[in-house]
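Reading through the C-alpha cells given below for one structure.
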Amino acid sequence: MSLSANISNISRSSLHDGPGIRTVVYFKGCALSCLWCHNPETVSYKKDIMYAQIKCIHCGKCVEICPDHHIIDGNDMLFLRDGCTHCGKCADVCPSGALTVSGKEKTLSDVLKEIEKDLHYYKQSGGGVTLSGGECLLQADFCRDLLKECKEKGIHTAIETALFVPWENIEKVIPYADLFYTDFKIAGSEKHKQYTGQDNRLIYDNLRKLSETSEGKIIVRIPLIPAVNDSDEDIEQFAGKLSGISQNLKGIEILKYNSLAASKYQSSGREYTSFGDTQTDDEIISYCKKLEDKLQSRVKVFCVI
Amino acid sequence: MNDILKYIHNNITLSLSAVDVAKKFGYSKWYFCDKFKSFTGKTFVEYVRHYRTQLSAMEILSGKKIQDVAMDYGYDTVSGFNKAFLKEYGCSPTEYKKQAKEAFLYYEKRRISMIQLSDRCAALRDEAVNKKHYQRYYAIQRNLYYELGAADAMEAGLTPTEVISEGITRIIEKFTPVIIPGELLVGFNHGEDNYGELCLPEETEEGWALIRDNGISEEDGKRFFEIKRNPPKNPTPDYVVEFTEAEWKANAERAGNGRCIADTHTVIGYEKVLRLGFSGILKEIEAAEKKNGSLPMYNGMKKFTTAALKMGDKFADAAEKIKQSGNEEYNSADLDFIISTCRNVPKNPARNFAEAVQSLLFAHLLNTWEDHINANSLGRLDQILYPYYKADIDKGILTKEEAFEIICCLWIKLYRDYDVQQSCVGGSSADGSSDVNELSYLMLDVTEQLGFIRCLSVRYSENTEKEFLRRALEVTGHVQKGVPFYFNDDVMIPALVSKGIAFKDACNYTQIGCVETVIPGKSNPHAVTGEMNMLKALEYVFGNGHSMMHPDYFPGIETGSLDNFKTYESFYNAVMKQVRRLLDLTCSQVKKSREYAVIHMPRPYKSLLTEGCLESGHDFNDAGAVYDYYQIMLCGIPNLADSLAVIRKFIYEDKKYTLDQLKEILVNNFPDEAVRQEFINKAPKYGNDISEVDDIAAEIMNLSCDILDELSEKYNLSFHAQPFTFLWMIDHGNESIASPDGRRSGEPLAYSCSSMQGRDFNGLTALLNSIAKLPTKRAPGTTSAIVEVDPKLFCDRNIDTLTDIMIAASKKGLCNVQFNIVDAETLIEAKKHPEKYNNLAVRVSGFSQKFNLLSPELQDHIIGRTKHTCL
C-alpha cells in the first residue's frame, strides 16, 4: 500500500466510460502527443499549472507569492510560463480557484477511498472504476495494485489506454481488468507519427497480443479527426489492420470530433490545433456502416455522437 | 460463407431468394439454409430483411423519400416495406424518421407502447394552455357568490362555520354550468385565473361587462358592490393574536415565523364522495348529529351537502339544453356522456370509471370553493380510481384508450400556469407489496403526452418495480418540466411513524402542493405553518442576540461576547442556542395563531371529508382530524453547515482570522473579494460528499429535530420537521447579512437541502450522498432537494443508469428529489455568472466537460443547441 501515483483528477458519476455508474481516475503523463488530445493537462509527467482566466478576480496574491516575481504579470494577469518551475505556490494562495495544479501524488489508499465512496452505486448499476489519463499504463504497478483491490471488493474495472507502453506493463493488469478501451488513432505508421509523435507499430503489436489474451474484453476507440483519419482510404486501412483481430473484440466505437477541449489548452498554456468542423451525425453513421461492412460484420461498430 | 454474405450485401437492392442464392453457390436449398442459420444466427429471410431495413433506415435518415427507398431496396410496394420495417424496428418508417431525429442512433428509444393524444384532447389542451375559455369568463363567480352568501349569513347573525357554509351553498346554487365543446368532464373552479390570482370585478364598465359575461344577474352584481362598499358586521368578535416583542421582531425579519396556513393545503377524502355520493354523506351527517346533538357545523354541512346533490343535474340540464338547441359545435354523443354521468354523480355513488373521475372533480371543486385552489391537492389518484377502472375493464365497458382520454380531460381541467394541485402515483402498501397498477403507468403516459405543467409526484420504495421508476424518470426526461418528482417510501413512512402516525396510515401518505406530507382524508398537516432561518441564528451569535440587519431588533438571546468562544465547540453551542430560541419563537407564534384559526377559520367542507371531524364535532382547524400536526420549515441548513465549516477552519484551525475580524467582514459584506473567494474555495462545502461538512449539516438537522420534539411537548402540539424552503430562500436571503459560506448580503439561501447554488462540483452521486447523510428519517415534512441536470443526462440511453442511481441513493437515505433539467435560459445565466453554475456539465462525445470551462464561443454554441433540442 506504499505505492503512489501521479494523478491528475478523479471524476465521479461518469456514465459513459464503461457499464453503469463509474469513477474515472485520470493519470498524469503520456508518451504520445496527439494534436487533438482532449486532456492536454494530463500529457506531461510534471505538474501543470492551470489558469482559468474566467475565474480570476485580479487580486494579485499569486504575484506576491511567486518566488521569482516574474511568473505572473500583475498588470495583465497573464501567465508567463517560460520561467515557471511548477512549484504550485500560486495555486495554493489563489482564493478563487482560477489557478489550480493538475498532478498530485496520491497513495493507493487515497485513490481507493475516493473510489469506494460510490460503492453502492456500482453495486446497483454494475458500474465501477475506469483508469484513464494520460496513459495510465505508464504507472502500471500502481494500476495493477489498484485494480486488484477493486476486484477484491467486487468493483467492475476498466482501463482506457493508447497501448503505447511496453507489453510487460499491459501484462501486469490483464488479470484484473474487466474491460479495455484501447485507442487506435491512425492505421498508417508514418501518418501516426506525424500526428501523435510516435509510430504505431508498438501499439498495433500490443493490440494484437491483447486481443489474444483478452478476447471479448476489448473495445477499440477510433477518434474521428476531420481530414486526418476519416477518408474512405482510412477506413480501408483501419479495416485492414483490424480484420485479423476483429472477431476477438467486444466492439469498436467511433468518436465524433469536437473542439470542446480548446479552453483546456488555453488554461494549461498550450497551443490548440483546430481540425475544423465536427462531422455530422450522418457522416459518422455512414463511417460506422462502412467500417462494419469492411469487417464483414464480425464486430459491432458503434458511433458515439 | 463470407462470399455468400458479400454477394447478398452487393445485391441487396435486388429481389433475393434463398433458392436462387443457394443455387448460385452450388448448394441444395436445405443445406444452404441450415448452414446460413448456423453462421449468421438468422434465417435467410430474416438476415436479408435485417440488412435491408438497416440500410434503408440510413437512407431515410439522410432525407430520402420513403417511397423511393422502398423501391430502391427491392420492395414492390410501400406497404411491404412498412411491414418489414415494422418487424425490425417496431414502427413505421415515417415514425422512425420522426423519432430518430431526436434520438441517439444505435441507442434506439425504448418506447413503451403509448397511447397517443386524441384530437379531442389535443384541442382541449390547446384551449386550456391558451386560456381561451378558462381565464376571463368564468373567473369571478366563486368569489362573488361566496360574498353574497356569507353576507346574508352574517346579517342573520350566524356562526363562522355557518357563514362559510352559506358561502359555499350560494356558489353551488348559482354558478353557471359551462360546457366546452369536446369535453367529457365538466366543471370550473370559477375563482382564480391561470396564475392563481383571485378574480373579483371592480365597479367599472369593465367590471360590469365581466359580470354579464359570467351570466350573473344585475341584481346580484348590485348587491355585491353594495357589500363591498358597506361590509356587513361580523357577528363574531375579532380575535387579536398577541405576540411578544421578540416574536414580532423574529417574524418581521423572517428569522422565525409562525402562522396558521391550514388554508388551501389539503388532501381530503374525495374517495368518500365516490363511494357514498353526497346523498350517502348527508346520512352520515344526520347520524353524527343524532349522536352529538345539533351543532352549527352540522347545520352548515347539511346545507351545502344538500345543495351539492344538484350539482351534477345542473350540468346534465345544461347539456340537454345544448342538445335541443342543435348547436353544431357540440357532438351529441359527448353530451349524452355528460348527461349520463352528471345525472348520477356527485349525488350518488359512482357506478363506473368516468363517473368516479367526474365525481372526484366535483369534490375537488367544492374544496377549492371553500378557500381557493392554491395547493388543495388530489392525493393518490391511481389508488382511488383503480377499483373503478379495473371493474370497467373486466366488464368490458371501458377500453384503455377511453380511460386514457378521461385522465387527459382531468389533467386538462387541473391545468394552471402555476400549479400546485398535486397528485401522486405509485407507492407501497402496509404489507410491503407495491401499489403500482395499470393506472399509475397510464397517468405517467398522459403526463408525457400532454407535456405541460402537471404537479405530479411518484412514490417508490425498495419493493417498487424497477420498471416503474425507470418509466417515471423517462417521463421526467421527456417532459423536462421537473415533473414528476420523487418520494422515497422507505424514508417517508418511518419518519411519519416516528411522529406517532399509525403504520398503516403512514403507508397511505401523499403530498400537498410542493412537497408537504399528508395522510389523505385523515389529517390536518398545517403545511408551511412555521419557518425558521438558520443563518439568522448565526447572525444573532455575532450580535449577541441582536439582529445585524436591524440593530434595534433583539429577537435572539444573549450568548455572550465573541471573546468567550475559545473553541469551535463553544461557538457551535452558542449557534445552536440561538437555533433553539428561534424555533421556540416560531412554535409559540404557531400556538397563538392557531387560536385565531379555531375561531375565524372553520373549514366545514374539509371537516366533512376528513376523518375525525364529523364524528367528534370538532372542526378541521380545531384539532378535529385524526392527525393534527404542524410542519416547521428548517431553512438554510446547507448555508449554516458551510458557514460553520469555514469558521472551524479559518478561525479555530488555521487561526487566520479572529471572530471579531470575521464579524467586520460580514457586516461590511466582504469588502475584499479575495476573502470571499477564499471562504468559498478553501473550505469544504456541503453537497460534495465531504464528511467534515456534511456531518455538520446532519448534526444541525438532528438537533433541530430534537428541539422540535421538546417544543411539541411544551406547546402540546405536534411539530414536524420540514427541511424545505419553498421560494422563501429569496426572502430569507434578503433579510440576512453576508454569511461565512461566501454568500453576500441579500443573496438567496440554498434551496431546501440542495447544496448552495454552484457549490457542488463532485458529480451527481456525491451530491446525493451528501443529502442522504442527513437524518431524513426524522423529518416527516420531507427533506427536499432539487438537482439541476443537463438534458443530455436525461436522454433515453441514460435512463437505466439514472434509475440505478436513484435506487442506490434511496437505499442510503435519500428522501425527496426533483430534477431540474436545465434549459437555455439557465445556460445564458451560467455564461454571465459562471461561479454560480459549477456543476453544469455538457456531454458531447467521449467525455463531459463543465460548462463554465468552455470557451465563450462554445458556450454560445451549446446555448443554441440546447434551446434547439428543447423545442
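The values are calculated or read from the model by the stated rules, or taken from the named source; none is laboratory data. No experiment lies behind these values; they were computed from the predicted model shown. Note: ideal-geometry Cβ built from the backbone for every residue, glycine included; neighbour counts use all protein chains shown.
Some observations on this one:
- Scan of the range B:654-672 for residues that are within 14 Å of chain A (Cβ to nearest Cβ) and among the charged types (D, E, K, R), ordered by number: B:Asp654, B:Lys656, B:Asp672
- So B:Ala750, is it touching a residue at least 24 places away in the same chain (Cβ under 8 Å), within 30 Å of B:Gly543 (Cβ to Cβ) and of a type in the set (Gly, Ala, Ser): yes
- The residues in the range B:242-287 that are closer than 19 Å to B:Val528 by Cα, touching a residue at least 24 places away in the same chain (Cβ under 8 Å), of a type outside the set (Asp, Glu) and in a helix (DSSP H, G or I) can be counted, and the count is 3.
- Scope the range B:335-360; condition buried (at least 18 other Cβ atoms within 10 Å of the Cβ), in a helix (DSSP H, G or I) and either charged (D, E, K, R) or in contact with a Ser or Thr (Cβ under 6 Å, 6 or more places away or on another chain) (or both); matching residues: B:Ala354, B:Glu355, B:Gln358
- Failed criterion for B:Val675 (all others in (1) more than 13 Å from chain A (Cβ to nearest Cβ); (2) in a helix (DSSP H, G or I); (3) more than 16 Å from B:Met756 (Cβ to Cβ) hold): (1)
- Enumeration of residues in the range A:254-279 that are hydroxyl-bearing (Ser, Thr, Tyr) and more than 10 Å from every other protein chain (Cβ to nearest Cβ): A:Ser268, A:Thr273, A:Ser274
- Any hit, the range A:190-207, residues being charged (D, E, K, R) and under 19 Å from A:Phe27 (Cα atoms): no
- Among the residues of the range B:743-778, those identified as away from chain A (no Cβ under 14 Å), more than 16 Å from B:Asn639 (Cα to Cα) and surrounded by fewer than 24 Cβ atoms within 10 Å (Cβ to Cβ) are B:Pro775, B:Lys777, B:Arg778.
- Scanning the range A:80-108 for residues that are within 14 Å of chain B (Cβ to nearest Cβ), out of contact with any strand residue (DSSP E or B) (no Cβ under 7 Å at 6 or more places or on another chain) and either free of Cβ contacts under 8 Å to residues at least 24 places away in the same chain or assigned to a loop (DSSP other than H, G, I, E, B) (or both) gives A:Cys94, A:Pro95, A:Ser96, A:Gly97.
- If you check B:Asn573, B:Asn544 for being part of a helix (DSSP H, G or I) and either crowded, with 22+ Cβ neighbours inside 10 Å or not aliphatic (A, V, I, L, M) (or both), only one passes: B:Asn573.
- Across the range B:802-812, a minimum of one residue is classified as of a type in the set (Ser, Thr, Tyr), surrounded by fewer than 23 Cβ atoms within 10 Å (Cβ to Cβ) and facing chain A (nearest Cβ under 9 Å).
- Restricting the range B:594-620 to residues that are modelled with pLDDT under 95 and crowded, with 22+ Cβ neighbours inside 10 Å, the residue that is nearest to B:Asp709 (Cα to Cα): B:Arg594
- Residues considered: B:Val497, B:Val483. Of these, the only one that is more than 30 Å from B:Ser739 (Cβ to Cβ), surrounded by fewer than 24 Cβ atoms within 10 Å (Cβ to Cβ), modelled with pLDDT under 95 and not assigned by TED's automatic domain parsing to the domain that holds B:Ile632 is B:Val483.
- Check on B:Gly781, surrounded by fewer than 24 Cβ atoms within 10 Å (Cβ to Cβ), part of a loop (DSSP other than H, G, I, E, B) and small (Gly, Ala, Ser): no
- Unique match (being of a type in the set (Ser, Thr, Tyr) and in contact (Cβ under 8 Å) with a residue 12 or more places away in the chain) among B:Ser38, B:Ser56, B:Ser28: B:Ser56
- Of all residue pairs spaced 6 or more apart or on separate chains, those with beta-carbon atoms under 7 Å, a first member in the range B:686-704 that is away from chain A (no Cβ under 14 Å) and a second member that is among the basic types (Lys, Arg) and not in a helix (DSSP H, G or I) are B:Val693/B:Lys685; B:Ala698/B:Lys773.
- Of the strands (runs of 3 or more DSSP E) lying entirely inside the range A:1-66, the ones with 3 or more residues being in contact (Cβ under 8 Å) with a residue 12 or more places away in the chain and either away from chain B (no Cβ under 14 Å) or in contact with a Pro (Cβ under 7 Å, 6 or more places away or on another chain) (or both) are found at A:4-14.
The rows are residues; the columns are (1) assigned to a helix (DSSP H, G or I); (2) hydrophobic (A, V, I, L, M, F, W, C); (3) closer than 30 Å to B:Thr341 by Cβ; (4) in contact with a Lys or Arg (Cβ under 6 Å, 6 or more places away or on another chain).
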site	(1), (2), (3), (4)
B:Ala139	no, yes, yes, no
B:Ile168	yes, yes, yes, no
B:Ile172	yes, yes, yes, no
B:Val186	no, yes, yes, no
B:Ala209	yes, yes, no, no
B:Lys222	yes, no, no, no
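- One residue from B:Ala356, B:Ala391 being assigned by TED's automatic domain parsing to the domain that holds B:Gly182 and farther than 24 Å from B:His526 by Cα: B:Ala356
- For the range A:173-211, a residue qualifies if it is assigned to a helix (DSSP H, G or I) and surrounded by fewer than 17 Cβ atoms within 10 Å (Cβ to Cβ), and the qualifying residues are A:Ile174, A:Pro175, A:Ser189, A:Glu190, A:Lys193, A:Gln194, A:Arg201, A:Leu202, A:Asp205, A:Arg208, A:Lys209.
- Residues that are out of contact with any strand residue (DSSP E or B) (no Cβ under 9 Å at 6 or more places or on another chain) and either β-branched (Val, Ile, Thr) or facing another protein chain (nearest Cβ under 10 Å) (or both) within the range A:294-304 comprise A:Gln296, A:Ser297, A:Arg298, listed in sequence order.
- Considering residues of the range B:621-635 that are of a type in the set (Gly, Ala, Ser) and touching a helix residue (DSSP H, G or I) at 6+ places or on another chain (Cβ under 8 Å) only, the residue surrounded by the fewest Cβ atoms within 10 Å (Cβ to Cβ): B:Gly624
- Of the residues A:Gln198, A:Gln237, the single one that is away from every other protein chain (no Cβ under 14 Å), among the polar types (S, T, N, Q) and in contact (Cβ under 8 Å) with a residue 60 or more places away in the chain is A:Gln198.
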